[in-house]
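Derivation of every value follows stated rules applied to the coordinates shown; laboratory data play no part. Only a predicted model underlies this, so the values are computations on that prediction, with no experimental measurement involved. Methodologically, a virtual Cβ is constructed for each residue, glycine included, from the backbone with ideal geometry; neighbour enumeration extends over all protein chains shown.
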Amino acid sequence: MHTTNTLCLGLYEKALPAELDWAQRLDIASELGFQFMEISIDEQPERQQRLDWNHQQRLALINARFNSGIALPSLCLSAHRRYPFGSADAATRQQARVLMEKALNFAVDVGIRNIQLAGYDVYYESSDRHTRERFIEGMQWAVALAAKAQVMLSVEIMDTPFINSISKWREFSRQIASPWFTVYPDIGNLSAWGNDVAFELEQGIDKITAIHLKDTLAVAPGAAGQFRDVPFGSGCVDFAHTFAVLKRLKYQGPFLLEMWARNDGEDRQHIAQAKRWIEQQMQIGGMVC
C-alpha cells in the first residue's frame, strides 16, 4: 500500500483493544480510513516496556508500519504522570529522566518525530511553587536532549489546572525558549475548563504541532467535569466552531481522534461512527481532511 505524506486524521492506539498486535492495529486503522496512529507509553509497565524493545522488535514495528501504509509520527508519553519531573522525590525525578531518554532513543529508531508530554508538574502529589520550578528545570533538560535528537516535545493541554490552557503553556515556553518545545492542545480539555477556545488557538497557532479531538463535560461549580469517555456530540466541545477557527488561522497540522476501547466487540464500529461524526463537523467548519 502506498504511504501518503499527508497526515490529517489519525487514531489513538487506545481506541483499539490492548491485546492486538501492531500489524493488526495498523491494518484496522488503514481499513477505517485513517492516515496515522499515535502510540502510547503510559503508566502501565507493559507499555513502558516497549521503550526497552531490541532492534528486532523495533524493526518489526517499522515493517508493520510500511506494510499497512499507516504512519506512526507521534508518541503520547503519559508515563510521566506516575513519574513527574516536578516530584519532591529525587528517585521519581530520575525515573522521569530515564523515561525521557528512552523515549527519545525509541523515537529516533522507529521514526517518531513528535513526543507529546503530559503537562503535569505532579499528579499524585500536591502542586506548589517548588514542583513548578522542578518541572521547568526538567523541561529545560528534556528539550536540550530533544534538540540533539531532532524530535519535537509537545505539551498537552491537560485535565488539571497546572497547564489547562495554551496561555499557561506560553508562560513556560517563554522560559524554556526552544523551537523544540511546542504545544499539543486537546480540544476537549481546552473546552472543559471554560477557555475561550478561539482566543487560545490564536495564542498558540504558531506553535501547535498536532491537535487531539475528544469531547468532554465542562468543569463548573459543583461539577468536576469529565475528561474522557464522553461520546462525541454529547459534551461541551463546539467542534464545528473549532474547525472554523482553525481554518481561519490556516492550521495545517494533523488531528488525532482520541478514544478508548470499550472492549465490547464493537470498537471498530464505535471508531467508524466517531470518525464520520468528526468529518461532518469538519465539513460544517469548512475544513477538508
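Other residues lying with their Cβ under 11 Å from the Cβ of PHE227 contribute a combined charge of -3, Lys and Arg counting +1, Asp and Glu -1. When ARG276, ARG47, ARG248 are sorted by how many other C-beta atoms sit within 10 angstrom of their C-beta, beginning with the fewest, the order is ARG276, ARG248, ARG47. So, counting K/R as plus one and D/E as minus one, what does the shell of residues with Cβ under 12 Å around MET282 add up to? Local net charge: +2.
Please report the antiparallel percentage of the DSSP beta bridges confined to the chain, to the nearest 5.
On the way: 3 of 32 bridges.
Bridges in the chain that DSSP calls antiparallel: roughly 10 percent.
Number of Lys-Lys pairs in the chain with C-alpha atoms under 24 Å apart and a separation of 8 or more places or on different chains: 16. Indicate the helices, whole DSSP H runs only, in the chain that combine a mean Kyte-Doolittle hydropathy of -0.5 or more with a Cα extent along their long axis of 18 angstrom or more. Span-like helices here: 90-110, 129-149. Applying D = kT/(6 pi eta Rh) to the stretch 193-289, where Rh is the Kirkwood radius over alpha-carbon pairs, T corresponds to 37 °C and eta to 0.692 mPa s, the Stokes-Einstein value obtained is 227 µm²/s. Principal axis extents of the Cα atoms in the stretch 68-209, from largest to smallest and rounded to whole angstrom, are 41, 39, 27. Mean residue ellipticity, 222 nm, helices only, the chain: the sum of -39500 (n - 2.57) across DSSP H runs of n ≥ 4, divided by residue count and rounded to 500, is -13500 deg cm²/dmol.
Values of log10 I(q)/I(0) for the chain across q = 0.10, 0.14 Å⁻¹ run -0.51, -1.05, by the Debye formula with one identical scatterer at each alpha carbon and no solvent.
When each of LYS214, LYS250 is scored by the number of other beta-carbon atoms lying within 10 Å, the sequence from fewest to most is LYS250, LYS214.
Would you mind calculating the gained length between ASP264 and ASN67 on full extension (0.36 nm times residue separation, minus the Cα-Cα distance), in nm to one decimal? Numbers along the way, then the final one.
Values: separation 197, 0.36 × 197 = 70.92 nm, distance 2.78 nm.
Using 0.36 nm per residue and subtracting the Cα-Cα distance, I get 68.1 nm.
With pairing defined as another cysteine C-beta under 4.7 Å, the cysteines of the chain that fail it are CYS76, CYS236.
Each of MET158, MET37 has some number of other Cβ atoms within 10 Å of its Cβ, and from fewest to most they run MET158, MET37. For the chain, modelled as a GNM whose springs connect Cα atoms under 10 angstrom apart, the maximal fluctuation among ALA240, ALA96, ALA177 occurs at ALA177. Restricting the calculation to Cα atoms, the stretch 7-96 yields a radius of gyration followed by a Dmax of 14.8, 46 Å.
Comparing Cα centroids, the stretch 30-89 and the stretch 143-184 end up 19 angstrom apart. Rounded to the nearest 0.05, what FRET efficiency is calculated for GLU19 and GLN56 with R0 set to 25 Å and r the Cβ-Cβ distance? The computed FRET efficiency comes out at 0.75. Put a plus charge on the Cβ of each Lys and Arg, a minus charge on the Cβ of each Asp and Glu, and nothing anywhere else: the dipole of the stretch 126-266 about its Cα centre is then about 500 debye.
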